[in-house]
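Below is one structure, written out as structure tokens; comments come after it.
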């Protein structure tokens, strides 16, 4: 049976390459992308999409995806920083959740220790209420929170993640104490969705894409998105356009290990930049319902530093970090 | 009536030769990865996702469905033959299934698992086709307090079922609950009982504990007795097929397992483990030969296996109607839908009706293929048991360790596996049941989260569990199940006294 499986996997791998005929040999990079999460999650699909686009555009000869799940990505990051140091064929996919997890887990490693190559996508978060809720606008929600912060029940993804951070920012904007926030954490947008539809919560936060179906069918009422500008095809307006100075984007980016410099680094930057600007990548981003949030290496570098400080400040205010 | 027409259209899509081939490849690969511990269906579907990008949506989703059902089935084969559950949902199957295999009745055990899976998946797929939209309306109303009530029922019934003495069963359960506390607390993000080891932040993997306690513990136990009493290879007694008695004891268990499995699988946080445990308990209670439980009762394989596959169909209810993946495999399948710009959710049944019914029809076909693929293999699998014991158990040790490393390549994981193996050996040596420990690890965190979420929503008022009729009823059932045995015992003693 195991022999058979080997054959099956080989066949699958063969089939995988056979589907990309005419791959140019312009670039002979052989890369491994670490997704610091299990199969099926956001980072995993980002890593696999990048793999697909890099091979389809010929920016790399072969790309492998390795899943190292654990602790909001900090296990994968620690392994990446430790064992891939200086290796010019290793890449890591990560995002804002990993920034938060490094801080709240008191992890000895964080994203400022790796080499940013490019920021790839950034998805808006959405703030919703159940369809039967008396809350009609974001101002109604702020008033409800201000009246009694404890009875305003939030649901969303894991504690300390982007959803929790946005809920805390809104609570603070309402003039309430963010450390008193009543945030019920679920393992992801899906489980939290059930709690929203069941009418057990006042308001919910999740990635827009995860709840899009229910928003369009009218089961959930979207009050605002967290993206700085309006997005085509999304009816809900940004918080910023509604008078709240809040923006939060669930961004994902690609990183090289620490200690990769000079020509090696330039080659990786060039391969990633060319991939991201290709039609293939744009098609994938569209198909997956992501929003392009590209920033080149230098800009991304400064962004990581400022984002780390900002997230630390918010997590400290809700009591998840010292 | 409309649904039947749509289903016929679905069959015409699924029966196209190309789609039949995709379904066949799917069940074949699914069975193979189900057999190997560690390489689960989720990883396989994720690996195949880029391959299927060039296929049409119907074909690739049909293939994924095949892998999903196949994986559910394959996990039970190793559980029965090698006492090594490939997946957490197959843990219960190992209890009676492996006892049957070691009594030389591996053939009937595998056959009842295969046919039970078939029957359950068939009934559950019909239920999926006709009940999905109304069922999901009920399922999302299932609040944290209701989950807590369900967990209480599971705890009470399971701890009463498995222990040879209640105290031993509860001790084992407490060990599992303790392990379940390890890792990041989901509600606050704080680490509990991790002793500064980052690999423990995600808690203990259920399959690691199950494989350690069951397979490695068993291998060490056999090795320890081998010096004194060399065992002969397990003989295959009688026919490898099911006898008339096997059939009559199995069919009701299949149906009951289905009835338990499908609705719990359809709950957004139901899963496949709870229904298998509940089904085992029900079968033990209703069996005509309860004394056979613990030494290889066929109902104990038939019921949980049916429950397992029915819950697999159940998880498709929230996936298709809400776009809500309730298992890792379902999450990857969701990504599969998305790559074709199809968003499962409330609008899927109206916008992509052809695809939904094509999927339902191909689930039927995948099911038939699984039966055709697996029944002839029963004879082959059973021969595995003729391998001399030292070789067999040596193989199990290699197999179990490799599976664990494949799932999570880390030294910590391997050390945990070895430690659990030693614990499993000691538990066998001193006659503690191992199953409650696994139950504790699976249900403990679920109950913990459900309890605290409820209290968070009620601002700390425990009356929330009694204010909602649904949770109040479930808590009442759990209480009765806990007290009833003592009351009956008291009553019968009382009557005895009167005589």
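The values are calculated or read from the model by the stated rules, or taken from the named source; none is laboratory data. Bear in mind the structure is a predicted one, so any value in this text is a computation, not a measurement. Every residue, glycine among them, receives a Cβ derived from its backbone with ideal geometry; neighbour counts consider all protein chains shown.
Quick notes on this structure:
- Selection within the stretch B:180-194: residues that are in a loop (DSSP other than H, G, I, E, B) and farther than 22 Å from residue A:80 by Cα. The member of this set that is farthest from the other protein chains (Cβ to nearest Cβ) is B:193.
- Residue check, residue A:229 touching a strand residue (DSSP E or B) at 6+ places or on another chain (Cβ under 8 Å), touching a residue at least 12 places away in the same chain (Cβ under 8 Å) and within 27 Å of residue A:141 (Cβ to Cβ): no
Results for (1) over 24 Å from residue A:151 (Cα atoms); (2) in contact with a strand residue (DSSP E or B) (Cβ under 8 Å, 6 or more places away or on another chain); (3) assigned to a helix (DSSP H, G or I); (4) at pLDDT below 85, shown as yes or no for each residue.
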site	(1), (2), (3), (4)
B:421	yes, no, yes, no
B:439	yes, no, yes, yes
B:455	no, no, yes, no
B:461	no, no, no, no
B:479	yes, no, yes, no
B:482	yes, no, yes, yes
B:490	yes, no, yes, yes
B:494	yes, no, yes, yes
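- Selected residue (criterion: surrounded by the most Cβ atoms within 10 Å (Cβ to Cβ)) from residues of the stretch B:253-305 that are part of a helix (DSSP H, G or I) and over 19 Å from the mean Cα position of the chain (by Cα): B:292
- The selection criterion, being away from chain A (no Cβ under 14 Å), at pLDDT 75 or above, at negative phi and touching a helix residue (DSSP H, G or I) at 6+ places or on another chain (Cβ under 7 Å), does not hold for residue B:131.
- All of B:376, B:304, B:325 fail the test of being modelled with pLDDT of 75 or more, closer than 24 Å to residue B:85 by Cβ and touching a helix residue (DSSP H, G or I) at 6+ places or on another chain (Cβ under 6 Å), apart from B:304.
- Qualifying residue in the stretch A:66-88 (condition: within 14 Å of chain B (Cβ to nearest Cβ) and in a strand (DSSP E or B)): yes
- Residue match in the stretch A:118-134 (condition: outside any strand (DSSP E or B), outside the structural domain of residue A:289 (by TED's automatic domain parsing), touching a helix residue (DSSP H, G or I) at 6+ places or on another chain (Cβ under 8 Å) and at pLDDT 85 or above): yes
- Number of residues in the stretch B:182-207 that are under 25 Å from residue B:94 (Cβ atoms) and touching a strand residue (DSSP E or B) at 6+ places or on another chain (Cβ under 6 Å) equals 2.
- Within the stretch B:39-60, being more than 11 Å from chain A (Cβ to nearest Cβ) and either modelled with pLDDT of 75 or more or crowded, with 24+ Cβ neighbours inside 10 Å (or both) holds for B:59, B:60.
- Selection of the stretch B:388-412 for residues being in contact with a helix residue (DSSP H, G or I) (Cβ under 7 Å, 6 or more places away or on another chain) and over 30 Å from residue B:203 (Cβ atoms) yields only B:389.
- Residue among A:49, A:107 that alone is modelled with pLDDT under 80, more than 14 Å from residue A:255 (Cα to Cα), within 11 Å of chain B (Cβ to nearest Cβ) and touching a helix residue (DSSP H, G or I) at 6+ places or on another chain (Cβ under 7 Å): A:107
- Of all residues in the stretch A:303-322, none are more than 18 Å from the chain's Cα centre (by Cα), part of a strand (DSSP E or B) and not assigned by TED's automatic domain parsing to the domain that holds residue A:102.
- Residue under evaluation residue A:73, criteria (1) on the phi < 0 side of the Ramachandran plot; (2) surrounded by 24 or more Cβ atoms within 10 Å (Cβ to Cβ), criterion not met: (1)
- 2 or more residues surrounded by fewer than 22 Cβ atoms within 10 Å (Cβ to Cβ) and at the interface with chain B (Cβ under 8 Å from one of its Cβ atoms): qualifying helices (runs of 4 or more DSSP H) within the stretch A:137-235: A:208-217
- Within the option set A:108, A:116, A:134, being at negative phi and touching a strand residue (DSSP E or B) at 6+ places or on another chain (Cβ under 8 Å) holds for one residue only, A:116.
- Screening the candidates B:176, B:163 for the property of being under 21 Å from the mean Cα position of the chain (by Cα), away from chain A (no Cβ under 14 Å) and at pLDDT 75 or above yields one hit, B:176.
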